[in-house]
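**Q** Sharing a structure with you now.
The values are calculated or read from the model by the stated rules, or taken from the named source; none is laboratory data. None of these values were measured; they are calculated from a predicted model. Backbone-built Cβ (ideal geometry, glycine too); neighbour counts: all protein chains shown. Accessible surface is based on the protein model in full, side chains and every heavy atom, while ligands, DNA and RNA are left aside. Shrake-Rupley method; radii C 1.70, N 1.55, O 1.52, S 1.80 Å.
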Amino acid sequence: MLRSSTRRGRAPANNTDVMAMFRLVYSGEGATEPLVDDFSLTKDQKWQLLFDRNWRNLAPSSQTKWLVYLRKWKKWIDDHPEQPEGYLVFPSSKVSAFLSHILADCTASSSKDPHGAVKSGRKALRHLRACQAGIPDDGAKFPSQPYIAGVTSRAKTATAEARQCEEADPSCSASTLSNEEYASLLEAAMRFPDKQVGLCVAAMVSCGLAAGFRSDDLQDTKYFMELICSVPAQPLPMQILALANNAGKANQDAQMTYAALANHRQPHLDCLAYLSQLVLYQLNVSKLPLLALIHQNNTSWRSYRMFFRDPSMATSKQTYYDLSTMLLKVAATIPDALVKTKVMHLMRCSGTVSLAAAACSMDVLRVWGRWARSEGVVGKSYLPKSPLSALPATGILAGFGTDFMTNHAFGRGTVAVPVAWIDALAPHARVIFQAVRLRNRMRTGKADFSGQHCVESILYLAETFWQSSPFMLQRYGLGWWALQLPAVRFIVGSSSFRQFEQRVIDAELECNARPLSPQMTEAFDKISKQVCSLSEQIAHLQLSVAGMQQPLDSQTAANLSMPTASSSTMQAQAARSPRIELEAQVGLSSGLSSVHEAVDEWFTGLHGFPAPPLMCEQAIQRGQRLSKKAIDNLSRRRHLPLRIQALATDRCWPLKKALAVYELVMQRHSLSLAELRDAVRLSSPVRHPDAKGGKPAQSQHVNRSPGLPLISISQFAAWVQQATDDIASMSISW
């Protein structure tokens, strides 16, 4: 079963006793200089700045969590009056005793995360200590003080023991959903008796996984959505629906950030299909006056949340408890219970692992998950404002893979939906959209572009609803909630719907049996030619070997040193044999993308081929010559593995530690494997400046694609040195 932590709700309204602890001042031995008035700020203003930074500006969810531990701190001090300095977070031995008390409570209650509890208690006290003036600074950071660090170490040990015991879940996927678990959770949500709860969970889980939403993102997701321009994918453009959010833990600057959603390749995993059903349920059954308010230019529509447990709570921000309770109720109905360590973070974890498994780059992962604050102004202020910043992640999570731009075969999206069917689900929405757009264009009233985008998105979701309806009927039959709507029941019973249903199913079947994309066809043609060439070479070598293995008579066997007719024939065949082009090896590098693969290819061989040095040696032993093309190709590939081997030998490192240096250079400076190989080759010490036909290495540049800045060899050498120093300073067991 899903494991939920203790109930998380809003903080108690009366926290006067806890807030009073922030005002305490230490005046004992070694006290620092207290806050004093000066010409710019009074001491109260200085304290207020400290309080705002360490408490008031924290996210509400963080305040709620820290308040729990601050209350525990106050109660523990009240129960232990012998502790010095009262509620002051000093000395560190007293703090250590309190954290040890938390650790003992967790151990006694068989908690699976004692370290998390101790860490939360430590963070809460750190915020409190920062506002208590006069406490001496011992030179070490608060978590690194010896007493506190000792408790943290014991808590980590206790956590490891708790998670390795028999009662703990041994699965390596305890915090993620597999494809089967994801599909079963969505099906359980669609079959849940309370349709508001079921549809909310289905949309929340599917959109949360596709957009990497945290719990606080889902708690405050409103109807700010926009159908942006189509992405020019082939054979069908990809429609992107952007969900906006200006709250949440990842958006402390309260800027409007966006998450992109796209139709999934498989109908039963389509997040927009589930979102459309939730939105249309709320408009037709829960009777949200969303469209009417937008038509009246009443901006109160912006307060409506998208995910809520009851319509009476639609205009209030939901709590963690509100959403997690719905998810737990639905999960409890699954026949094979889900055993997970996460609840509301389950979707974000699952999306992250899915992207990593599809070889999505770390840069795209950071933008998709809004972990981009470490990337400076670009990641903090520019990328989150466009949902297309993480477009590769959107394509992968929509089920179309990394080649979605040339492989977006979305069958049901090619079938047009009758306009009357869309109007039946969203009455007057089309008229309202035209009126609001005209009002915004003519400036006849207060502009409401977000309302215009919202109505346009609802129209698109209604179209998505009908395109996915044949599969919903197949999966849920008469239990599908939409059949309770008279308009849907009437349309589904008509002959035109049966024809529409057949066209949708045929389109999906055609896409599933679609031909390969041009890029894939070209790649397979290239592989086929290489295989044919290799087969011819193997057949030729087999003929040569057959000639060498002809039975010898006893007289010849007695005198092997004398030349025979058969040996002369073999030598003549070897002399006439064509040069080995090594076409399979020539084309092998085009499929490599990492330094690790390049090293493996050179030293051990890849894809069933032997290592290039071994293949060359075998060819030379057979009396065959290498073509200039093969020699040049081998020369380009050898420098990088040999340079890595030399670095490992010079520094007495494991080979994988030296390999990490060039992986780091490649990632930091966005180099392709071909560019990295070229740079290493040009900077190789065997290239002498006075060599024939060569220029001094320091003046040469790496060949790059048009439009990209050139890289000098001296610049590349500095990158390698910096990466070497960084890897050397890492305390990692290689």
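**Q** Multiply the residue separation of Lys629 and Gln474 by 0.36 nm, subtract the distance between their alpha-carbon atoms, and state the gained length in nm to one decimal. Walk me through the numbers on the way to the answer.
**A** Working: separation 155, 0.36 × 155 = 55.80 nm, distance 5.81 nm.
The span from Lys629 to Gln474 would gain 50.0 nm if fully extended.
**Q** Can you work out the FRET efficiency for the pair Arg71 and Trp371, with r the C-beta to C-beta distance and R0 = 35 Å, to the nearest 0.05? Could you put the intermediate results ahead of the total?
**A** On the way: r = 31 Å, r/R0 = 0.90.
Using R0 = 35 Å, I get an efficiency of 0.65.
**Q** Suppose each label sits 7 Å from its Cα in the direction of the beta carbon; what would the Val339-Thr107 distance come out to in nanometres?
**A** 2.6
**Q** Could you rank the peptides 341-353, 18-30 by their average count of other C-beta atoms within 10 Å per residue, with the highest value first? It would help to have the intermediate numbers written out before the result.
**A** On the way: 341-353: 20.9, 18-30: 14.3.
Highest-to-lowest ranking by the protection proxy: 341-353, 18-30.
**Q** Distance check, please: which entries in Lys317/Lys446; Lys222/Lys329; Lys287/Lys317; Lys72/Lys195; Lys123/Lys385; Lys74/Lys112 exceed 28 angstrom between their Cα atoms? Before the final figure, lay out the partial values.
**A** On the way: Lys317/Lys446 26 Å; Lys222/Lys329 23 Å; Lys287/Lys317 19 Å; Lys72/Lys195 40 Å; Lys123/Lys385 31 Å; Lys74/Lys112 25 Å.
From the list (Lys317/Lys446; Lys222/Lys329; Lys287/Lys317; Lys72/Lys195; Lys123/Lys385; Lys74/Lys112), the Cα-Cα distance tops 28 Å for Lys72/Lys195; Lys123/Lys385.
**Q** Kindly sort Met730, Met442 by accessible area of their heavy atoms, largest first, with the probe set to 1.4 Å.
**A** Values: Met730 75, Met442 115 Å².
Greatest to least solvent exposure: Met442, Met730.
**Q** So what's the gap between the Cα centers of the stretch 190-231 and the stretch 112-146, to the nearest angstrom?
**A** Cα centres, the stretch 190-231 to the stretch 112-146: 37 Å.
**Q** In a Debye calculation with equal point scatterers on the alpha-carbon sites of the stretch 257-327 and no solvent, what is log10 I(q)/I(0) at q = 0.14, 0.17, 0.18, 0.23 Å⁻¹?
**A** Listed by q, the Debye log ratios stand at -0.56, -0.81, -0.89, -1.18.
**Q** Further question: Along the Cα-to-C-beta direction of Ser386, a point sits 7 Å from the Cα; which residues of the stretch 399-426 have their amide N less than 16 Å from that point?
**A** Within reach of a label on Ser386, which here means backbone N under 16 Å from a point 7 Å along Cα→Cβ, the stretch 399-426 contributes nothing.
**Q** Normalised by the empirical 2.2 N^0.38 Å for globular proteins, what value does the Cα Rg of the stretch 302-428 take?
**A** Numbers: Rg = 19.0 Å, N = 127, 2.2 N^0.38 = 13.9 Å.
Scaled against compact globular proteins, the figure is 1.37.
**Q** Here's something else I'd like to know. So if each residue of separation counts as 0.36 nm, and I subtract the Cα-Cα distance between Asn15 and Ser361, what length gain in nm does that give? Don't skip to the end; give the middle numbers.
**A** Working: separation 346, 0.36 × 346 = 124.56 nm, distance 4.52 nm.
Gain on extension, Asn15 to Ser361, equals 120.0 nm.
**Q** Any idea how far apart Leu614 and Ser173 come out in nm if each label point goes 7 Å out from Cα toward Cβ?
**A** Taking the simple label geometry, Leu614 and Ser173 are separated by 3.5 nm.
**Q** How high is the FRET efficiency from Arg443 to Met256, r the C-beta distance, R0 25 Å, rounded to 0.05? Display every interim value, and only then the final one.
**A** Details: r = 23 Å, r/R0 = 0.90.
So, using R0 = 25 Å, E works out to roughly 0.65.
**Q** Let me ask you something else. Cα centroids of the stretch 57-87 and the stretch 376-446: how far apart, whole angstrom?
**A** 47
**Q** Extending each Cα 7 Å along its Cβ direction at Arg503 and Ala183, get the distance between those two points in nm, one decimal.
**A** Inter-label distance under the simple model: 2.8 nm.
**Q** What order do you get for 124-131, 633-640 when each peptide is scored by the mean count of other beta carbon atoms within 10 Å, highest first? Write out the running numbers ahead of the final one.
**A** Working: 124-131: 19.5, 633-640: 18.0.
With the highest mean Cβ count within 10 Å placed first, the list reads 124-131, 633-640.
**Q** Using 0.36 nm per residue, how much length does the chain from Glu29 to Asn298 gain when fully extended, once their Cα-Cα distance is taken away? It would help to have the intermediate numbers written out before the result.
**A** Values: separation 269, 0.36 × 269 = 96.84 nm, distance 6.19 nm.
The Glu29-Asn298 span can extend by a further 90.6 nm.
**Q** Can you put Thr444, Thr157, Thr319 in order of accessible area, largest first, using a 1.4 Å probe? Can you show the working numbers first?
**A** Working: Thr444 105, Thr157 70, Thr319 15 Å².
Largest accessible area first, the list is Thr444, Thr157, Thr319.
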